[in-house]
Amino acid sequence: MSGTKTSQKGQKRLGSVFVNGVLVLICLVWLIPTIGVFITSFRNSEDIYSSGWWTVFPHRGWVKVEEIRVPESIDVDQPFEVAGVTADFSTLRQGIVTPDGRKITWIGNKRSRLVIVEEKRWVGFSARLTLDNYRDTLSGES
Amino acid sequence: MQNQPRLSAGDQILNWLTTGVGRLLASIFVPLVTFLVLWRGFIFLRDSNAPQFIIVVVAIVWGVGGVALLYGVSNWLVEKLSGEWVRRLQPFIFIGPAIAILFWYLFLPTIRTLILSFQDGLGRNFVGIENYIFAFTDRVMLEAFRNNLLWMVLGTGFSVGLGLLIAVLADRTPFEKVYKAIIFMPMAISFVGAGVIWKFVYAYRGEGVGIQEIGLLNAIVIGLGGKAQPWLLLPPINNLFLIVIMVWLQTGYAMVILSSAIKGIPSELLEAARVDGANEFQVFFQIMVPTIQSTLLTVTTTIVIFSLKLFDIVRVMTGGNYGTNVIANEFYLQQFTYNHSGRASAIAIVLLIAVIPVMIYNLRQFRKRRAF
């Protein structure tokens, strides 16, 4: 008798966990779009269009660690070696991720001769948030 | 009568006013004065160069006082009549303004729209049913009808279904108020505001080197190893993405009304069912749903009407392009972009006729529930 009672209780608790779980899930889906626009309201317009609003939270992102000038003597029409990888121009423009976790990307066109090396690091602790949008809106500036 | 007061000069005038010729003169004179006062006020408000503050004060006094004056004078006039006529006419003094407003703002525009719908784009010549042929056969309109059907079925279905699910589930938790507040919150957001909010979900930045997706949906898809998609440019699935916005906004409404209906179910009924061995699903489908059926129908028809005349979301998100056009948006385009009042009016009439049956049904349901 007491055994069935406990099992019923357990079942009830399981049910309540399930119910709360479903509701929390739905509520999260309901809240996230609004949270997004709320966070966006504290960002610079430049940032808004260059990265998602969720990047204000700490996360592992690519951070530039090195800039390399490719010497004029290297022919970029052929596969060439830079920062330890050998690849042709178009692959380098897309960015190459090396096995040791670096990302090597050619910036700009062939004449720019600029290559950057990035590494995954924790970023977002010093999010650039601003009240400018609110100040401008309330004071009527554009 | 033992305490008869001495007649003062004022009473004498009043006596004279309420008898015979005086009565007749007064009932002509008083409305005339009223009309003159109101007319002078109107002329003053139209032509005056007085400081803004004075104009505002005069406008308020003129507007509010004018209504009171009109009511007072007409009521006074009617009460001068014999008892039977007072009984006959007095109701009209009370509902008269409402009827006048209904006539002027609702009935006349409808008739005007009906006439315009049989005329050409500039409303000069009659063209027969040409506009209606457009409204029912044009490719653009057929697409709009199809999309409205999608909105009606999917939008209403998901709003009511999710609202019911949340109402039933939230009824069993101690945090009911928190959940319901969160789901209800979007109801406070305007449709245009919702458009801005959801742009940050569906945003698509295009392809290229170094481009970061700023849309949440694309970020999730990329995170799962997929490829960024221009969600709002992909017919016919973009309609579904727009419908999601309406569901997001309207579920709260369905939820609160259904929740109150669920709380109104007698608890003995549910207990009896559980004692008889019904499981939760049986309780839900065979006890709860039939009991709240009339509320369910009212909510459904309200949201159906809502989805039929839906406009803002489509206007803000896609402007009706890429196969997302709806009837109300096409009406807007015809009237304000193409300046074709004939076609616009025909679409408006079609929309009106489409909504009327649902409306009548809805009002019947409301009356059954004694909502008014």
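The values are calculated or read from the model by the stated rules, or taken from the named source; none is laboratory data. None of the values given here were measured: they were computed from a predicted structure. With ideal geometry, Cβ positions are generated from the backbone for all residues, glycine too; neighbour counts draw on all protein chains shown. Protein only, heavy atoms only, side chains kept; ligands, DNA and RNA dropped before computing areas. Shrake-Rupley method; radii C 1.70, N 1.55, O 1.52, S 1.80 Å.
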Among (1) in a helix (DSSP H, G or I); (2) open to solvent by less than 60 Å² (accessible area, probe 1.4 Å), where does B:Arg112 come up short?
(2)
Odd one out for B:Val58 among (1) under 30 Å from B:Ile243 (Cβ atoms); (2) in contact with a helix residue (DSSP H, G or I) (Cβ under 7 Å, 6 or more places away or on another chain); (3) aliphatic (A, V, I, L, M)
(1)
Taking the stated definitions as given, is A:Leu25 more than 10 Å from chain B (Cβ to nearest Cβ) and in a helix (DSSP H, G or I)?
yes
Would you please name the residue that is nearest to A:Asp47 (Cα to Cα), looking only at residues in the stretch B:200-210 that are more than 9 Å from chain A (Cβ to nearest Cβ) and open to solvent by 30 Å² or more (accessible area, probe 1.4 Å)?
B:Tyr204
Within the stretch B:171-186, work out how many residues are under 26 Å from A:Val37 (Cβ atoms), part of a helix (DSSP H, G or I) and within 11 Å of chain A (Cβ to nearest Cβ).
9
State yes or no: is B:Val64 open to solvent by 70 Å² or more (accessible area, probe 1.4 Å), part of a helix (DSSP H, G or I) and not assigned by TED's automatic domain parsing to the domain that holds B:Ile347?
yes
Search result, residues across the stretch B:115-126 that are touching a Phe, Trp or Tyr at 6+ places or on another chain (Cβ under 8 Å) and open to solvent by 50 Å² or more (accessible area, probe 1.4 Å):
B:Phe118, B:Phe126
Which ones in the stretch B:222-246 are of a type in the set (A, V, I, L, M) and part of a loop (DSSP other than H, G, I, E, B)?
B:Leu224, B:Ala228, B:Leu234
Which members of the stretch B:161-170 meet the condition of being at the interface with chain A (Cβ under 9 Å from one of its Cβ atoms) and within 21 Å of B:Ser307 (Cβ to Cβ)?
B:Leu162, B:Leu165, B:Ile166
Inter-residue pairs, beta-carbon under 7 Å, first farther than 12 Å from B:Ala144 by Cα and in the stretch B:303-323, second open to solvent by less than 10 Å² (accessible area, probe 1.4 Å) and assigned to a loop (DSSP other than H, G, I, E, B), 6+ apart:
B:Thr318/B:Thr324
So A:Phe42, is it assigned to a loop (DSSP other than H, G, I, E, B), within 25 Å of the chain's Cα centre (by Cα) and modelled with pLDDT of 80 or more
yes
If we scan the stretch B:287-306, do we find a residue that is within 14 Å of chain A (Cβ to nearest Cβ), open to solvent by 40 Å² or more (accessible area, probe 1.4 Å), under 19 Å from the mean Cα position of the chain (by Cα) and not aliphatic (A, V, I, L, M)?
no
Tell me which residues, restricted to the stretch A:32-45, are at the interface with another protein chain (Cβ under 9 Å from one of its Cβ atoms) and open to solvent by less than 50 Å² (accessible area, probe 1.4 Å).
A:Pro33, A:Thr34, A:Gly36, A:Val37, A:Thr40
Selection count where residues are of a type in the set (Phe, Trp, Tyr) and within 21 Å of the chain's Cα centre (by Cα), scope the stretch B:159-205
2
Please determine whether any residue of the stretch B:196-210 is under 30 Å from B:Phe285 (Cα atoms) and assigned to a helix (DSSP H, G or I).
no
Take the stretch B:211-221 and flag every residue that is open to solvent by 20 Å² or more (accessible area, probe 1.4 Å), in a helix (DSSP H, G or I) and more than 7 Å from every other protein chain (Cβ to nearest Cβ).
B:Leu217, B:Ile220, B:Val221
B:Ile129 vs. criteria open to solvent by 30 Å² or more (accessible area, probe 1.4 Å) and away from every other protein chain (no Cβ under 13 Å):
yes
Return yes or no: is B:Val168 in a helix (DSSP H, G or I) and either open to solvent by less than 20 Å² (accessible area, probe 1.4 Å) or within 30 Å of B:Ala261 (Cβ to Cβ) (or both)?
yes
Within the stretch B:230-250, is even one residue among the aromatic types (Phe, Trp, Tyr), under 24 Å from B:Ile183 (Cα atoms) and either in contact with a Leu (Cβ under 7 Å, 6 or more places away or on another chain) or loosely packed, with under 14 Cβ neighbours inside 10 Å (or both)?
yes
